[in-house]
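Working notes, structure below.
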Amino acid sequence: MDLRLARGGLSLAVLVPLLAACGAPQANSCKRFVACVAALDQQDGTSTNVARFEPDGDCWNGAEGAALCGTACERGLPNLTAGLDSPPPECRP
Amino acid sequence: MRRPLVLTAFVLLLLAPAALAHAPARLWPGEVFPLPDPKVSWALFGLFESGEELFVVAVDLDERFASPVEVMVPHRDELRDHRPAFAVVGPGLPTPSLEQRQRLPEALPAGWGLALLDLNEIEPRPVYFESFLRRFFWTSEPTAVVLPRGQSEVWIWSPRRTNGKFLLGVGVEEGGGYFEVFDDWSFYAY
């Protein structure tokens, strides 16, 4: 009984971190956010590090981060173009 | 032989959520907190005691950098009306509208603009379970903001002049150093 418990515990101890690290797909809101930032960068001659939000970014290492980033991108997208008369097409809803 | 295996498994299970935790730090009113590495995730805790405080986090980046930012409050009845606001301000940022300027806790220095103003007025108020502290928080919801190259600041204040704790979350991935939370567990967790 003790050995089964130990094996079970060890399996869980390996499995839990692995599950926590299972990736999630990039949220559509972040695809739009990344595209909008890129378009604004091209327009303004700037360069922005959006690595977190890109398909292989840290946002997508697990479900919790993915949910956070998906919401963050959705809320952040309108803010990128607030006050702009002609936002790039990539930034439009 | 079996006991060390079980103990090891138990410790690993406890540590697993830590891999996804933000690095903690304490903010104090009247003291600018320089964010050591804005590119990792941080959980910055503070306490409004008079409701008049302004907390300031200084950011210095070598490139424009997009990051999620949100403010959270412990999910307790006495903090139901406690909704700290925050703003990302700094030199060269977009000029705020008159209405935005009026909502800031103090006047912007000359040449400073606004990248994000979150008054934390979202309804209904979302609840988030922080898996490392194992505590529920009300959240303003995260917003992705482009932090400028060079210097900027995050201002946190209490528009309703309410008292209570808050947590400013910056980033998403683990930042390491999360075990510092045990240095002041009674503050961070309660």
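Residues in the range A:41-69 that are surrounded by 23 or more Cβ atoms within 10 Å (Cβ to Cβ) and either at positive phi or more than 7 Å from chain B (Cβ to nearest Cβ) (or both): A:60 only. Only a single criterion out of (1) among the aromatic types (Phe, Trp, Tyr); (2) within 13 Å of chain A (Cβ to nearest Cβ); (3) in contact with a Leu (Cβ under 8 Å, 6 or more places away or on another chain) is not satisfied by residue B:112, namely (2). Filtering the range B:90-102 to residues that are more than 14 Å from chain A (Cβ to nearest Cβ) and crowded, with 16+ Cβ neighbours inside 10 Å leaves only B:90. If the condition is being touching a Phe, Trp or Tyr at 6+ places or on another chain (Cβ under 9 Å) and modelled with pLDDT of 95 or more, then the range B:33-43 contributes only B:33.
Among the residues of the range B:115-150, not one is within 28 Å of residue A:35 (Cβ to Cβ) and away from chain A (no Cβ under 14 Å). The conditions of being at pLDDT 85 or above, more than 14 Å from every other protein chain (Cβ to nearest Cβ), touching a strand residue (DSSP E or B) at 6+ places or on another chain (Cβ under 9 Å) and at positive phi are met by residue B:30.
The values are calculated or read from the model by the stated rules, or taken from the named source; none is laboratory data. Computed from a predicted structure; not experimentally measured. Cβ coordinates were reconstructed from backbone atoms using ideal geometry, including for glycine residues, and neighbour counts include every protein chain displayed.
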